[in-house]
Amino acid sequence: MSLFKYALTWISLAFIITTFSPAHECQARRSMLGQSTKNITKAIKMNTRALRPKFVIKSKYAAPTSAVSLSSDNELLGVADKLGRIHIWELQTGQRIHALETDITNITSLIIFPQTTSVLLLQKNGTLSFWDFKKNKQLSSQTLLGKKIKRITTTTANGFTTINHDGVLSTFTITSDNTSTRIGKSTDNIATAIAPPLNFTLDNHNIQYRPENSDKEYVFTGHSAPVNDVAINSSATFLVSASDDRTVRLWNIQSQKELARLVGMQDGWAVVSPEGFFDGTLDGDLEDRLDALRWEVADRSFGMDGFLESYYSPALLGRIWTNKEQPSQQNLPEIAEGFKLPPTTTISKPIATSDPKKLTINVTATDQGGGISETRLYHNGKRINTVPEVTAKDQAKIHVFTVEAVDGQNDFTAVSLSDHKIEGESVSAPPMQKALPSPTKPDLHVVSIGINQYKNPYLDLDYAVPDAKGVSDYFGANHDLFNKVHRYELYNRKATQTRIQTTLDLLSTVPARDTIIIFLSGHGETLGQEWNFIPYDLTNPSDHNELARKSVSASTLQLLVAKISAHRIFLLIDSCKSGALLDVFAEFDMQQNFAIIARSTGIHIGASTTKEQLAGELATLGHGVFTFALLNGLEGHADNKPQNGTVSVSELLNFIKHKMTKLIEENNIPPQRPTTNSRGADFAITANRPL
């Protein structure tokens, strides 16, 4: 029975009882029924149903999409939008790998040539132009058959076919200077030559597809604006569509079910499934990352990364494209079909206590149907580690936090999560300035852990200790921003599980005003969906029982970091797969772990994982690629936004990503994908030396 039917039945019963009961019983029963009715009214007001949300894009960088194309090897997806941007997606991993900026806003068709990293664009006026999507530059432009060209399609690895509005086919090849030469014309087998596009009917928001030599028709419904172009893969299992609703959608042809929607922005991108799982850019401009995509329901709006702890699925598109099973998530609602709302949160202004160094903050979470799993309070971006006093009142929980103030600005933000770990809207207290007696500068604490020589010699590495020492030595010699540097160094046999965890636990006593940098370099291994750092005394990472017992897991790191009072924490990890091979999706599981740590604790993380140790990196660069880029940035090269004589964490992370890409290309090193997550307040970690 629904809540509303139950309420109606109860009210009817109450009327009968109070009307026909003896007079001496009426008063008592009225009192009892009155209280019950109040409880029912509260339950009605609190929405306990799963509400179906609307998918909304709030980004000035996301544009209507006009054309889509799959490369002949089915490994790349090209998308043209109406701002003139060409998005190149790597389908095996599900990442957008290039965003080519052009000045063409009327692209109607495109072809990707993966062997030459070039893309052929057809404009509405019939002009064809070649672009190198990797070098981000135009190679040539020419007009063929004038405005008569209707579309272009791939025929061979170095050729293409055009069809004009009269149905005439013309075949071309690409010469070495990236221009095209006509080599033949045919009017035969038009449907076969350019299939599948001619087998599609684009009926406003819908797509109708009838395979060749088949009477069956497939209909794909879901776009909220006109569809402009479609493509299918060579095995005819997937359909891709471009629309004015600013999405590209991936469909399963047989089931006619939407599998994912892709959104390309400027530097950012996103992939979202109807179930609510998502992948994409977590950091950057508010309108150029996942937060620009929202689920809106009733009068509330929820940013995509507020679903991170349960629904973030790195390499989501790659898993779908390769039919890789999604990581198990038990009992989660399918977001597009509806979900119970997370709690609302209110926060008081900071209240002074008898202790001049301490403040009290009251945070109230009110259940809106999805339950209340926890409430978090962040102080200057870092989650505080004190346990609040909690009292329950009706559908609300009142949390009283006692926090230690810092000298200067004290900002407080709170958020509450539902039982499915979906965040409600965050709220902020009025900022408070506090003047406290303190040293002129905070201290810096550098934890440097590196393992070259393992208890099991098979695991030995070349670069881990030089990398860790390089970071420690840099801050030992360059600490102008700090009063004093405390260095905690664990190398080789000293880096046991116990000593690593004990050292990190010591940081819980560090004052809130200090800065902490933690650097880990050595082997890493994924168990299930969790990344684990391999200490010196773990001898067989392939033994799951030993790995679970003797490693330092991501969840352990999260617990240890959460206990630290310091507001400014920077975690850096340069790890190598302990086995010979790294599953293509294992490194993305690591991204999920670190994103959750960063978001839940309010810290900054930079990490990189390689498939195997690369001695060539050490010989050429003196360090691994990640650490070389890190140290290069610290020396001042990362000081650019703004260029003010210091390097901040956000500047450094952005520099590392771009520098690593350049180093990998210049030194012919296998690709590495650095993971960066910034959730705390930005802060400077070094003053520049003259370059």
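Please work out whether segment 279-374 counts as rounded, prolate or oblate from its C-alpha gyration tensor, where a ≥ b ≥ c are the square roots of the eigenvalues and a/c under 1.5 means rounded, while otherwise a/b larger than b/c means prolate and anything else oblate? Numbers along the way, then the final one.
Working: a/c = 2.38, a/b = 1.91, b/c = 1.24.
Note, shape of segment 279-374 comes out prolate.
Give me a comma-separated list of calculated 3J(HN,Hα) values for segment 209-221, in order, Karplus coefficients 6.51, -1.76, 1.60 applied at θ = phi - 60°, integers in Hz, x for any Gly or Pro.
Calculated HN-Hα couplings, in order: 10, 10, x, 4, 6, 9, 8, 7, 10, 10, 10, 10, 10 Hz.
Ordering M432, M660 from largest to smallest accessible area (1.4 angstrom probe), what's the sequence?
Values: M432 45, M660 0 Å².
Heavy-atom accessible area, descending, gives M432, M660.
Tally up the carbon and sulfur contribution to the accessible surface of segment 396-491 as a whole percent, 1.4 Å probe, everything protein left in place. The partial results should precede the final answer.
Values: 2080 of 4220 Å².
Carbon-and-sulfur percentage of accessible area, whole number: 49.
Short version: ³J(HN,Hα) in whole Hz for each residue of segment 237-245, in order, from phi by Karplus 6.51 cos²θ - 1.76 cosθ + 1.60 (θ = phi - 60°), x for Gly and Pro, what are they?
Karplus values, whole Hz, x for Gly and Pro: 9, 10, 10, 10, 10, 10, 9, 6, 7.
Quick check on my link table: of K434/K563; K216/K324; K257/K421; K455/K484, which ones sit more than 25 Å apart, alpha carbon to alpha carbon? Mind dumping the intermediate values first?
Details: K434/K563 23 Å; K216/K324 28 Å; K257/K421 27 Å; K455/K484 34 Å.
Correct reply: K216/K324; K257/K421; K455/K484.
For segment 359-472, rounded, prolate or oblate, judged on the Cα gyration tensor with a ≥ b ≥ c (square roots of eigenvalues), a/c < 1.5 rounded, else prolate if a/b > b/c?
oblate
Could you provide, to the nearest whole Å², the per residue accessible area of segment 204-309 with probe 1.4 Å?
Value returned for segment 204-309: 35 Å² of accessible area per residue.
5 Å is the cut-off here: which amide hydrogens, built 1.01 Å from N in the peptide plane, fall below it relative to S243, excluding neighbours closer than 5 in sequence?
T65, N228
Which percent of the accessible heavy-atom area of segment 197-354 goes to carbon and sulfur, probe 1.4 angstrom?
42
Rounded to the nearest 10 Å², what accessible area does K150 show when all protein chains are kept and the probe is 1.4 Å?
Accessible area of K150: about 110 Å².
Could you provide, to the nearest whole Å², the per residue accessible area of segment 56-132 with probe 1.4 Å?
30
Under the 0.36 nm per residue contour assumption, what length would be gained going from the current alpha-carbon distance of T143 and E325 to full extension?
Result: 60.9 nm gained on full extension.
For segment 376-447, report the accessible area per residue in Å² (1.4 Å probe, heavy atoms, rounded to an integer).
48
About its Cα centre, what dipole magnitude does segment 194-301 give when the only charges are +1 on Lys and Arg Cβ and -1 on Asp and Glu Cβ, stated in debye to the nearest 20?
The calculation lands at about 400 debye.
Mind running the shape call on segment 411-487? Use the C-alpha gyration tensor, a ≥ b ≥ c as the square roots of the eigenvalues: rounded below 1.5 for a/c, prolate if a/b tops b/c, oblate otherwise.
Values: a/c = 4.66, a/b = 1.41, b/c = 3.29.
Oblate.
Roll a 1.4 Å probe over the protein heavy atoms and report the accessible area of R499 in Å², nearest 10.
Surface open to solvent at R499 totals about 120 Å².
The values are calculated or read from the model by the stated rules, or taken from the named source; none is laboratory data. Please read all numbers here as calculations on a predicted model, not as lab measurements. Don't worry about glycine lacking a Cβ; one is built from the backbone with ideal geometry, like all the others, and counts go over all protein chains shown. These accessible areas exclude ligands, DNA and RNA; they are computed on the full protein's heavy atoms, side chains included. Shrake-Rupley method; radii C 1.70, N 1.55, O 1.52, S 1.80 Å.
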